[in-house]
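J.: Before we start, here is the structure in question, set down as structure tokens.
The values are calculated or read from the model by the stated rules, or taken from the named source; none is laboratory data. None of the values given here were measured: they were computed from a predicted structure. Because the Cβ atoms are built from the backbone with ideal geometry, glycine has one as well, and the counts that use them run over all protein chains shown. Ligands, DNA and RNA are stripped out before the accessible areas are found, and what is left, the full protein with its side chains, is counted by its heavy atoms. Shrake-Rupley method; radii C 1.70, N 1.55, O 1.52, S 1.80 Å.
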Amino acid sequence: MRLIFSVCLFLCLFPLAAQAQTEGSQPNGAIAIESDLQQDAAIADRIRDILRQLEGYGGVSVSVADGIVTLRGTALDAGRIEALNDLVARVEGVVAIENQVRESTDVVERLNPAVERMQARLEQFVAFSPLILVAATAGILMILFGLWLARRSWPWDRIAPNAFIADIYRQLVRLSFVVLGVVLALDLINATALLSTILGAAGIVGLAIGFAVRDTVENFISSIMLSIRQPFRPKDLVEIEGDMGHVIRLTSRATILLSLDGNHIRIPNSTVFKAKIINYTRNDERRFTFLVGVDPASDIAEVQRIMLAALEELPFVLDAPGPGVWVEGLGPSTIDITAAGWIKQHETGIGMAKGEAIRVVKARLEEAGISLPEPTYRLLGAAPAQPQPANDGRTIAPPVQVEAQPVGTDEAAALDEIIEAEREALPDDDLLRKEAPQE
């Protein structure tokens, strides 16, 4: 149905279009009262002479009667047919124009101009070949000079904060000299107008590619920002989006962490740049906390005093800022008390310090007769428990005297060796530098 409708619409509009084409440009001068046969013949001869001088009107015939010019035959294209009206209307004495010329469908007639144009362009290329050779040589020399300059280590390594930025500078130099080489070559052959077409096409292609690789571009820009303003240093213990580990290296695509379990964690730089980063290594002082649940019947103030004294006797706990003890809340069957202490984490491992503090605090509370009850549950409907004698014959051992022990750093030293080995495996792939500014 659509095809039939299109054909009918074309058949209906074609006469109107032909009429518009015929009446598009008509003479508007005054019309003489009497007919002049000599003038008609002169008008026809003049129009024929003009058409013979123009290309593409060899199949057009001209007849004139009473100043009305009738054009018949064929022309190569619609543009030449439309130009006939304007051309004939300029001839003196023309009253009206009947343009019945149609577009030629002869294959040979339509191919001849194309072949002639190709021959003319080939001759023009041969004539311009020396100039084209000079232009191409100049452009290639400019590009080669840019590539040579980009391969030099100086000054890019000197002015760039790291190897990644230096490589970006080299890429920009290469691209700039390639563009300069192309512009120079086109300018020598006077074809700079072609450059705008090339740049326009390149801009459209670049925009499409940009949308397609948006994540890659975002990751690339994040790598540049992280390499310039570094939020962490090598070996720092950081937490990024819930992943904790020591920083091994920062590459052009991702940040590599070594978890406390010895596993590699690879995080894209775009995620690192937008994420909340917790750096546990930046400050030497670090606080540890732990929770102790004591018997509700105990003297809370006495419990706090004992726990605080136990923390103060630990050699690795700092005096300033000093340890602290406070009541956290009420548990199901205990009173929860939080103990906190500060250490120099570059000298003492946080995990080992916390474990030693828990051991000493527990021992001191047990020496003072303060129990650390387990959760108590009541079973409804069960038989009541029979009372047990106070002494069932078992021997109760006396409290054990516990002294605080220095916290070793063997594990920390071994982990540092692993991190250093990982970093030395690929030394040139790391963008982290101590001399770079740090946020």
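J.: If you take the residues of segment 85-133 that are among the hydroxyl-bearing types (Ser, Thr, Tyr) and in contact with a strand residue (DSSP E or B) (Cβ under 9 Å, 6 or more places away or on another chain), which of them is surrounded by the fewest Cβ atoms within 10 Å (Cβ to Cβ)? Before the answer, list the steps.
T.: So the first thing to find is which residues in segment 85-133 are among the hydroxyl-bearing types (Ser, Thr, Tyr), and the list is 104-105, 129.
Those still in the list that are in contact with a strand residue (DSSP E or B) (Cβ under 9 Å, 6 or more places away or on another chain) too: 104-105.
Details: Ser104: 19, Thr105: 8.
So, considering only residues that are among the hydroxyl-bearing types (Ser, Thr, Tyr) and in contact with a strand residue (DSSP E or B) (Cβ under 9 Å, 6 or more places away or on another chain), the one surrounded by the fewest Cβ atoms within 10 Å (Cβ to Cβ) is Thr105.
J.: Oh, and also: Which condition number in (1) touching a residue at least 12 places away in the same chain (Cβ under 8 Å); (2) closer than 17 Å to Ile418 by Cβ is the one that Asp261 fails?
T.: It fails just one condition, (1).
J.: Against the condition open to solvent by less than 60 Å² (accessible area, probe 1.4 Å), assigned to a helix (DSSP H, G or I) and in contact with an Asp or Glu (Cβ under 8 Å, 6 or more places away or on another chain), how does Ala138 come out, does it pass?
T.: On the way: open to solvent by less than 60 Å² (accessible area, probe 1.4 Å): yes; assigned to a helix (DSSP H, G or I): yes; in contact with an Asp or Glu (Cβ under 8 Å, 6 or more places away or on another chain): no.
Taking the combined requirement at face value, the residue does not satisfy it.
J.: Also, I was wondering about something else. Give Leu184, Leu207 a once-over and let me know the one that is open to solvent by 20 Å² or more (accessible area, probe 1.4 Å), among the hydrophobic types (A, V, I, L, M, F, W, C), farther than 30 Å from Asn279 by Cα and at pLDDT 85 or above.
T.: The match here is Leu184.
J.: Report, by residue number, each residue of segment 49-67 that is open to solvent by 70 Å² or more (accessible area, probe 1.4 Å) and either part of a strand (DSSP E or B) or within 26 Å of Arg117 (Cβ to Cβ) (or both). If you could, list the steps in order and put the result at the bottom.
T.: Our first condition is that a residue be open to solvent by 70 Å² or more (accessible area, probe 1.4 Å); within segment 49-67, this holds for 52-55, 58, 66.
Within segment 49-67, Arg52, Gln53, Leu54, Glu55, Gly58 qualify.
J.: Considering only segment 143-164, how many residues are buried (at least 18 other Cβ atoms within 10 Å of the Cβ), under 27 Å from Arg229 (Cβ atoms) and modelled with pLDDT of 80 or more? Write out each step before concluding.
T.: The first filter runs over segment 143-164 and keeps only residues buried (at least 18 other Cβ atoms within 10 Å of the Cβ), leaving 143, 146, 150, 156, 162, 164.
Retained after the next criterion (residues that are under 27 Å from Arg229 (Cβ atoms)): 150, 156, 162, 164.
With modelled with pLDDT of 80 or more added as a condition, the list becomes 150.
Qualifying residue count for the region: 1.
J.: Just for segment 288-301: of the residues that are in a loop (DSSP other than H, G, I, E, B) and not aliphatic (A, V, I, L, M), which one is least open to solvent (accessible area, probe 1.4 Å)?
T.: Step by step, filter segment 288-301, then rank; the result is Ser298.
J.: Pairs please, first residue from segment 169-191 and more than 12 Å from Ile140 (Cα to Cα) and small (Gly, Ala, Ser), second anywhere and open to solvent by less than 70 Å² (accessible area, probe 1.4 Å) and part of a helix (DSSP H, G or I), Cβ atoms under 9 Å, 6+ apart in sequence or on different chains.
T.: Partner pairs satisfying both residue conditions: Ser176/Gly146; Ala191/Ala135; Ala191/Ala185.
J.: Something else now. Return the only residue of Glu285, Glu241 being open to solvent by 60 Å² or more (accessible area, probe 1.4 Å), at positive phi and in contact with a Lys or Arg (Cβ under 8 Å, 6 or more places away or on another chain).
T.: Glu241
J.: Here's a follow-up. Where residues in segment 330-371 are modelled with pLDDT under 90 and not in a loop (DSSP other than H, G, I, E, B), which of them is most open to solvent (accessible area, probe 1.4 Å)?
T.: Leu330
J.: For residues in segment 244-254 being in contact (Cβ under 8 Å) with a residue 40 or more places away in the chain and surrounded by 23 or more Cβ atoms within 10 Å (Cβ to Cβ), which is nearest to the chain's Cα centre (by Cα)? Walk me through it before giving the result.
T.: Quick first cut of segment 244-254, residues in contact (Cβ under 8 Å) with a residue 40 or more places away in the chain only: 246-252.
Now narrow it down to the ones that are surrounded by 23 or more Cβ atoms within 10 Å (Cβ to Cβ): 246-248, 250.
Values: His246: 27, Val247: 24, Ile248: 24, Leu250: 18 Å.
Out of the qualifying residues, it is Leu250.
J.: Then there's this: Where residues in segment 255-281 are in a loop (DSSP other than H, G, I, E, B) and of a type in the set (Ser, Thr, Tyr), which of them is surrounded by the most Cβ atoms within 10 Å (Cβ to Cβ)?
T.: Thr281
J.: Got a sec? Which of Ser222, Ser227 is modelled with pLDDT of 85 or more, within 30 Å of Ser176 (Cβ to Cβ) and buried (at least 19 other Cβ atoms within 10 Å of the Cβ)?
T.: Of Ser222, Ser227, the one residue that is modelled with pLDDT of 85 or more, within 30 Å of Ser176 (Cβ to Cβ) and buried (at least 19 other Cβ atoms within 10 Å of the Cβ) is Ser222.
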